[in-house]
Amino acid sequence: MTLGIVWFRQDLRLSDNAALHAALHDCERVLPVFIADDRDGTVSEIGAASRVWLHASLNALENDLKEAGSTLLVLSGDPLKLLPRLAKTLEADGVYWNRSYDPVTCERDKSVKEALHSIGANSYLANLLFEPVKTLKADGTPYRVFTPYWKNLMGSLPGEKPLAAPKNIPSPTPQWLGKQLKNTIAVDSIDELKLQPAHDWGEVMMAHWSVGEKAAQKRLKDFLKSDVQSYKVDRDIPSMTGTSMLSPHLHFGEISPRQIISATFNKRKSVFDLSPGEETFVKEVVWREFAHNLIYQFPHTVDSPLDERFNQFPWASKYDDSLKAWQQGNTGIPIVDAGMRQLYATGWMHNRVRMVVASFLIKNLLIPWQEGERWFRHTLVDADVASNAMGWQWAAGSGADAAPFFRVFNPVLQGEKFDKEGAYVRHWVPELESVANKFVHKPWELPREERDALDYAKPLVDLKKSRQAALDAFAEIKTAKS
Ligand SMILES: Cc1cc2nc3c(=O)[nH]c(=O)nc-3n(C[C@H](O)[C@H](O)[C@H](O)COP(=O)(O)OP(=O)(O)OC[C@H]3O[C@@H](n4cnc5c(N)ncnc54)[C@H](O)[C@@H]3O)c2cc1C
């Protein structure tokens, strides 16, 4: 009786799961395993919001596996030690997983592969559309600019069809498993991983979401049915649900990018056959792909600038209080506070507002982008090493294809353009509920008496002066060697 171990990681789904598919093809029985691998102090240490999502996602996966006649073996510890031990104890014929591309995981997986060489380790492309190592410019160097990257890839879309979910997953019985593992490997339950916080913040946040593969498929279907056609315009309006909100599902692999692309193309053969909304949406999914390519090709950019001039950037020397005000949504700048409060309450923030709050932190408060990246990693349910680092470096002007540093978002103008009536700001900053549209993005301009009556923070900085300070700071490194 042959046995394959499928190591679930950021691919918490049964459909379009290449590793699961291959194991079922090669082996008579398949054992799905999840290993909680908390590597303290590393960039892939997951944040509080992600832990809460992971808890729910593992439960959903376990249920889906049960429906397919299987089970999920949950372990905690170092996969480098656990997997060879497990494979040896169970006399497995192979270990199967889908590849991830962040530097810590790449390094770890290389060692796991070596440790499993006598058993057989098989890894697959399933979390991206294309293999980063193969996606290079004609001269063999990695892409640093999105447009040529997109032009290179778009001809290969939609690509292969996604794999269907297996109806039945023949697995070892719990009795057999219990007997083999007895006294050798401690088995956990999902609850024993203690991913949930002690207080009820996680519960409140998760009330905004449905988690798991089925929920992800439903969200995609609903989005393609009702929102994708207006996506090109509505995606910039934070008060609307104009975007897919698939990012946490994609991050945890409850849905694959190939499934999203395939459903969006819906039998059409080329990008040129898509509507403007559909094409823009596909492009955004390819931005995610670009982020993973960057992190693979330039692993140091997880926490260091790609443009090395920024290593000398004269950041503010003391910023504890302003960082805290930003994190808590108490900067006195309405759209910034609305975004930061949306983030804390829901684990997600609208992309337009992510750009605004990032620009404000970096350029108006002169706080290193790594502080913002860290807070997002802690609080976002879609926190992703690749997309987060790319987003922050884009805002800082230090990354690939980044906004130039001298482009400082004016949060008042951004609010007035993308949240005309102030609906978004009023929703998340109820202190401003009764403020007239004209002042809702700049309450400091209200007549004195009305301003004093507001129970809302005064602006942390003067937008004009702080913008100039940022430009002066940038002038200090502008001519340095990159
Ligand atoms: C400072 C900053 C930090 C960010 N951190 C993250 C992060 O940790 N995780 C994350 O998934 N995204 C991050 N983003 C990108 C983007 O904001 C989110 O992917 C998007 O808001 C998710 O919402 P959605 O699923 O409704 O997106 P949609 O607009 O529906 O887009 C569909 C999918 O495309 C991908 N995508 C869209 N925009 C981007 C982008 N700019 N970069 C990379 N992928 C993109 C996402 O996977 C998204 O789910 C960040 C952006 C900024 C400016």
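The values are calculated or read from the model by the stated rules, or taken from the named source; none is laboratory data. All figures in this text were calculated on a predicted structure; none of them were measured in a lab. Here Cβ is always computed from backbone atoms with ideal geometry, including for glycine, and neighbour counts include all displayed protein chains. Surface areas here come from the heavy atoms of the whole protein model, side chains and all, with no ligands, DNA or RNA. Shrake-Rupley method; radii C 1.70, N 1.55, O 1.52, S 1.80 Å.
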Measuring from its Cα centre, region 346-478 shows a charge dipole (+1 at each Lys and Arg Cβ, -1 at each Asp and Glu Cβ) which, in debye to the nearest 20, is 360 debye
Placing each pseudo-label 7 Å from Cα in the direction of the beta carbon, residue 81 and residue 106 end up separated by a distance in nanometres of 2.7 nm
Charge dipole of the chain built from unit charges on the beta carbon (Lys, Arg +1; Asp, Glu -1), centred at mean Cα; most positive-end Cα among 138, 104, 243 is 138
Rounded to the nearest 10 Å², the accessible area of residue 362 using a 1.4 Å probe with every protein chain kept is 0 Å²
Amide H neighbours of residue 127 at under 5 Å, excluding residues fewer than 5 places away on the same chain, with H built from the backbone geometry, are 99
Answer in debye to the nearest 20: the dipole magnitude of region 1-127 about its Cα centre, from +1 Lys/Arg and -1 Asp/Glu charges placed on Cβ, is 140 debye
To the nearest Å², the heavy-atom accessible area per residue of region 1-127 with 1.4 Å probe amounts to 37 Å²
Where a ≥ b ≥ c are root eigenvalues of the Cα gyration tensor, a/c under 1.5 meaning rounded, otherwise prolate if a/b exceeds b/c and oblate otherwise, region 53-137 counts as oblate
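Accessible area per residue of region 308-478 at 1.4 Å probe, in Å²?
On the way: 7450 Å² over 171 residues.
That works out to 44 Å² per residue.
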Quick calc, the chain, dipole around Cα centre from Cβ unit charges on Lys, Arg (+) and Asp, Glu (-), nearest 20 debye, gives 920 debye
Filtered hits (aspartates and glutamates, Cα-Cα < 17 Å from residue 137, offset >= 8 within chain) -> 289, 401
Label model pair residue 321, residue 421: point-to-point distance (7 angstrom along the Cα→beta-carbon line) in nm is 3.9 nm
Expressed in nanometres to one decimal, the distance between label points 7 Å along Cα→Cβ at residue 269 and residue 449 is 7.2 nm
Taking the dipole of the chain about the Cα centre (Lys, Arg +1; Asp, Glu -1; charges at Cβ), the one of 428, 121, 439 that reaches farthest to the positive side is 121
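So what is the calculated 222 nm ellipticity per residue for the chain, using -39500 (n - 2.57) for each DSSP H run with n of 4 or more, over all residues, to the nearest 500 deg cm²/dmol?
On the way: 22 runs with 224 residues, N = 482.
It comes out at -13500 deg cm²/dmol, rounded to the nearest 500.
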For residue 144, the accessible surface traced by a 1.4 Å probe with all protein chains present amounts, in square angstrom to the nearest 10, to 110 Å²
Rounded to 0.05, the calculated FRET efficiency for the beta carbons of residue 468 and residue 207 at R₀ = 30 Å is 0.10
Over 32 Å (Cα to Cα) among 110/194; 113/269; 221/420; 218/283; 151/438 -> 113/269; 151/438
Quick note, the chain: a/c under 1.5 would make it rounded; otherwise a/b > b/c is prolate and the rest oblate (a ≥ b ≥ c, C-alpha gyration tensor); here it is prolate
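Compute the Cα gyration tensor for region 146-214, then decide on rounded, prolate or oblate, letting a ≥ b ≥ c be the square roots of its eigenvalues: rounded whenever a/c is under 1.5, prolate when a/b is larger than b/c in the other cases, and oblate in all that remain. If you can, show how the numbers build up before the last one.
Values: a/c = 2.68, a/b = 1.44, b/c = 1.87.
Here region 146-214 falls in the oblate category.
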The local net charge around residue 167, scoring Lys/Arg +1 and Asp/Glu -1 for residues other than residue 167 whose Cβ lies under 12 Å from its Cβ, equals -2
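I need the calculated FRET efficiency for the pair residue 230 and residue 304, taking r as the beta carbon distance and R₀ as 45 Å, to the nearest 0.05.
Using R0 = 45 Å, I get an efficiency of 0.70.
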For region 1-127, the percent of accessible surface on carbon and sulfur atoms (probe 1.4 angstrom, ligands and nucleic acids excluded) is 49 percent
